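Input: a single structure, listed below in structure tokens.
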Amino acid sequence: MGFECPQLERNLADCPCTYEGCSLKGNCCECLRHHLAHQQLPACAFPPEVERTYDRSFRRFAQLYA
């Protein structure tokens with residue numbers, strides 16, 4: 001995929017993604033690009049209890065903040 005993230009270590013400390021196999025963890029630009037391409041938002045857009053369900057759809061986000 002994309003490019004090396006100069007902030008990777010810093011981002012990893014704050015990344016709330018719980019998906020074990022995530023190769024984009026901490027690489028926010030690539031993570032956002034990936035999720036938007038799949039009509040989703042990244043883990044950091046959701047509270048922990050919703051993030052853990054892996055339903056990161058626009059619809060779920062709208063339900064939370066409607």
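All of the numbers you see were taken from the coordinates with simple rules; none came from a lab. Quick caveat, the model's predicted, so the values are computed rather than measured. A quick note on method: Cβ atoms are made from the backbone with ideal geometry, for glycine too, and the neighbour counts reach across all protein chains shown.
Label-point separation (nm) for Glu9 and Ala62, each offset 7 Å from Cα along Cα-to-Cβ?
The two pseudo-label positions are separated by 4.2 nm.
Given a cut-off of 14 Å, what percent of all Cα-Cα pairs of the chain lie beyond it?
Details: 1208 of 2145 pairs.
Of all Cα-Cα pairs in the chain, 56 percent lie more than 14 Å apart.
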